[in-house]
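The values are calculated or read from the model by the stated rules, or taken from the named source; none is laboratory data. The shown structure was predicted, so the numbers you read here are calculated from the model rather than taken from an experiment. For neighbour counting, all protein chains shown are included, and Cβ atoms are generated from backbone atoms with ideal geometry for every residue, glycine included. Ligands, DNA and RNA are excluded from the accessible area calculation, which covers all protein heavy atoms including side chains. Shrake-Rupley method; radii C 1.70, N 1.55, O 1.52, S 1.80 Å.
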Amino acid sequence: MRPQSSSALATLLLTFSSALVAQDQRAALVAADRAAAQLSSDSGFAASLLGTAHRNVVLLWPGAPVAAGPEELRKLLDALPHRDSLRLTWQPLGLELARDSTLGVTWGIAVASTRWGDAPPRIGRYTTTWRRDEGRWTIAALLVTGVAPIPPAALPQGFPLTKEPARASGVAAPFVAADLAFARLAGERGAEVAFRRWAAPESFTLGGGGLMTRGPAAIGSAVAGPAAWRWHPVAAGASVSGDLGWTVGEAVIAPKGADPDYGKYLTVWVRGPGGQVRFLTDGGNARPPTP
């Protein structure tokens, strides 16, 4: 009996230790999110993002193409309206943490304002995916909605309007594959069916004022209609443990009898113990039209 008791005690201690680590990392993630918001308030959004971005950061700003990597990030930040005085402050409403704490997600309310009051404040939403490398949380992908878009004329000359499709490889492969299957179902049977099928039971989307649409049925109803949806992922990331991931992509929504809407999106995915992948949250904003 003693070996079994020792094994049970070791398992209990390991479980307890893992819970403490997860609790500590949740607190650290919230602290990183709030510190980035405070830096944006004090020194400006551009300084905050450049100081907290991962080397492979992806930014989804309204009206702009997907910006990926430090060079594109700097060019896009330079093109933002009121770039030098822009403050984007935010308050997290929730978070998700990977089992091994190598990837986290925060979401909530964002307020865009300017230091000198040369533009009216605008209330929007944000979703951020974070990577933890060597004990430090950095921003992997950031989606901002509801704030002032970049005018087409302000985009840097030669800035790429589209990206190459993402390849399903490495630890992010299941999430890229799920995104592609999600898009295929939307093309074949419509957005409502696809969103109901691929939404996790605990799924949600953020609306104006931080209002949430919760659950597969409500999310499916919100996208119902005679529009044709097409999209594909162009970037992706995942936790080392493979239970949490994200995809960024480009979308076209063509309502019946109307001009298509061009957009981009950030989808956060969860993978259960049985390997089933479903999206936890999904959101997007506009991008420039492409041929």
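Summary of values
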| read-out | value |
| --- | --- |
| Test: residue in the stretch 108-116 that is hydroxyl-bearing (Ser, Thr, Tyr), closer than 20 Å to THR205 by Cβ and either surrounded by 22 or more Cβ atoms within 10 Å (Cβ to Cβ) or in contact with a Pro (Cβ under 8 Å, 6 or more places away or on another chain) (or both) | no |
| Test: THR128 is within 30 Å of SER241 (Cα to Cα), of a type in the set (Val, Ile, Thr) and surrounded by 20 or more Cβ atoms within 10 Å (Cβ to Cβ) | yes |
| Pick from the stretch 31-48, criterion of a type in the set (A, V, I, L, M, F, W, C) and over 17 Å from ILE109 (Cα atoms), ranking: surrounded by the fewest Cβ atoms within 10 Å (Cβ to Cβ) | ALA47 |
| Lone unmet requirement of (1) touching a helix residue (DSSP H, G or I) at 6+ places or on another chain (Cβ under 7 Å); (2) within 20 Å of PRO151 (Cα to Cα); (3) crowded, with 19+ Cβ neighbours inside 10 Å for ARG83 | (3) |
| Residue in the stretch 147-166 that is charged (D, E, K, R) and under 13 Å from the mean Cα position of the chain (by Cα) present | no |
| Considering residues of the stretch 129-160 that are in contact with an Asp or Glu (Cβ under 9 Å, 6 or more places away or on another chain) and over 25 Å from ARG34 (Cα atoms) only, the residue modelled with the lowest pLDDT | PRO156 |
| Residue under evaluation MET212, criteria (1) within 19 Å of TRP269 (Cα to Cα); (2) at pLDDT 95 or above; (3) of a type in the set (A, V, I, L, M), criterion not met | (2) |
| Any pair with Cβ under 6 angstrom, 6 or more apart, that starts in the stretch 101-121 at a residue that is closer than 17 Å to TRP90 by Cα and ends at one that is acidic (Asp, Glu) and open to solvent by less than 20 Å² (accessible area, probe 1.4 Å) | THR106/ASP33 |
| GLY94, sole failed condition from (1) in contact (Cβ under 8 Å) with a residue 60 or more places away in the chain; (2) under 17 Å from the mean Cα position of the chain (by Cα) | (1) |
| Index of the failed condition, PRO152 passing every other in (1) over 29 Å from VAL277 (Cβ atoms); (2) touching a helix residue (DSSP H, G or I) at 6+ places or on another chain (Cβ under 7 Å); (3) not aliphatic (A, V, I, L, M) | (2) |
| Criterion: within 19 Å of GLY284 (Cα to Cα) and open to solvent by 60 Å² or more (accessible area, probe 1.4 Å) - qualifying residue of PRO149, PRO62 | PRO149 |
| Sole residue being open to solvent by 40 Å² or more (accessible area, probe 1.4 Å), closer than 23 Å to LEU97 by Cα and not in a loop (DSSP other than H, G, I, E, B), chosen from THR138, THR213, THR205 | THR213 |
| Test result for ALA258, of a type in the set (A, V, I, L, M, F, W, C), free of Cβ contacts under 8 Å to residues at least 40 places away in the same chain, in a loop (DSSP other than H, G, I, E, B) and farther than 30 Å from LEU97 by Cβ | yes |
| Qualifying residues in the stretch 246-291 (those that are open to solvent by 20 Å² or more (accessible area, probe 1.4 Å), closer than 23 Å to ARG214 by Cα and charged (D, E, K, R)) - the one nearest to the chain's Cα centre (by Cα) | ASP282 |
| Residue list for the stretch 232-245, filter: within 17 Å of ALA140 (Cα to Cα) and either in a strand (DSSP E or B) or open to solvent by 50 Å² or more (accessible area, probe 1.4 Å) (or both) | PRO233, VAL234, ALA235, ALA236, GLY237, ALA238, VAL240, LEU244, GLY245 |
